[in-house]
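These notes concern the structure reproduced below.
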Amino acid sequence: MADVKTPKAPSSPLLSRPGAVAAEGADEGVAAHYGDLFREQAALADGTGLVDLSHRGVVAVTGPDRLSWLHLLITQHVTDLPPGQATEALILSSNGHIEHALYLVDDGETVWAHVEPGTRGELIAYLESMVFFYRVEVADRTDEYAVVHLPAGSIAPVPDGAVVRETPYGRDLFLPRAELEPYADANGPLAGILAYEALRVEAHRPRLGFETDHRTIPHELGLIGSAVHLQKGCYRGQETVARVQNLGKPPRRLVFLHLDGSDVHLPGPGTPVRLASDGEDGRKLGFVTTSARHHELGPIALALVKRNVPVDAELMAGDTAAAQETVVEP
């Protein structure tokens, strides 16, 4: 499919809050932090505060065939998805590589999904190309709705009529953009995207465009079960999923890294991962995908490494010592 240019989501009004420092890169448009990264993380871990995710794309699918139609296109089983039940799904290439990640909920009339910044244009173009005779309509609702994340344990109220994705990690609210500021004022404190990302890394949760590249398959990231349903067919890339699941192993696996806390810098995305015994000139065995400073664990990271890297091997991320935890079994 040809590249489809995606307009940026509206810049968040919460960037005008005291202490707000704008995020860069993929998370441009919301705050990286509000002046105290570790305090913000601790608040989220305690179930208080909220995270502004209004830079994410919001896609809505309506029509009586919406669930049966989506079922044919995505990796998740959704034909009988009950209203209010959150799920997540992927769209794969014909070779089984991850192209899109959708975080879904159906409210009884509409399937709502939030997606990575910058991806909704190509996603909507693909979905619209597959409508054919089905009674569905696909709409970009990003300019009208903002995503807000409430951490697990939050007692913040949900506005009447708001669409909610309830997950083990918290609640994602689809709020009208006009309600974003007053809701944040009433239900703070605010936490930036860096705090949210540190807790994501701690939970070993992969993110499209961070833990994925052009050849990532779901097995490498541990997404079988959570985002890929094995008892269904009829979606693009399903043959690769079944073949790897039944006959082989993925070439790479996701690992969690405890990084040496004495280093003043974090190894950034793409930093080579090698055996510590081989030193900085050793053979590259993988690369860092996301790194973060955690309020309790210190420097941590996710990385993709070759499947045959021993699970007890001491590693180096660039020039930083790294102890690994298994996320995906070899």
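Residues of the range 35-43 include none that is touching a residue at least 60 places away in the same chain (Cβ under 8 Å), of a type in the set (S, T, N, Q), closer than 13 Å to residue 181 by Cα and open to solvent by less than 30 Å² (accessible area, probe 1.4 Å).
Taking residue 28, is it open to solvent by 60 Å² or more (accessible area, probe 1.4 Å), within 26 Å of residue 176 (Cβ to Cβ) and either aliphatic (A, V, I, L, M) or under 20 Å from the mean Cα position of the chain (by Cα) (or both)? Yes; evaluated as a whole, the condition is true for this residue.
Evaluate the range 67-84: report whether one residue or more is open to solvent by less than 20 Å² (accessible area, probe 1.4 Å) and touching a Gly at 6+ places or on another chain (Cβ under 6 Å). No, there is no match, as no residue in the range 67-84 is open to solvent by less than 20 Å² (accessible area, probe 1.4 Å) and touching a Gly at 6+ places or on another chain (Cβ under 6 Å).
Taking the range 194-234 as the range and being surrounded by 21 or more Cβ atoms within 10 Å (Cβ to Cβ), touching a helix residue (DSSP H, G or I) at 6+ places or on another chain (Cβ under 6 Å) and part of a loop (DSSP other than H, G, I, E, B) as the test, the residues that pass are 206, 211.
Taking the listed residues 250, 272, the one that is open to solvent by 10 Å² or more (accessible area, probe 1.4 Å), out of contact with any Ser or Thr (no Cβ under 7 Å at 6 or more places or on another chain) and under 22 Å from residue 91 (Cβ atoms) is 250, with no other qualifying.
The combined condition, being at pLDDT 95 or above, exposed (fewer than 15 other Cβ atoms within 10 Å of the Cβ) and farther than 26 Å from residue 93 by Cβ, is not fulfilled by residue 184.
Filtered by the rule that a residue be over 30 Å from residue 236 (Cβ atoms) and open to solvent by 10 Å² or more (accessible area, probe 1.4 Å), the range 45-66 gives 45, 46, 48.
The values are calculated or read from the model by the stated rules, or taken from the named source; none is laboratory data. Values in this document were obtained by computation on a predicted structure and should not be read as measured data. Positions of Cβ are backbone-derived with ideal geometry, glycine not excepted, and every protein chain shown enters the neighbour counts. With ligands, DNA and RNA removed, areas are computed over all heavy atoms of the protein, side chains included. Shrake-Rupley method; radii C 1.70, N 1.55, O 1.52, S 1.80 Å.
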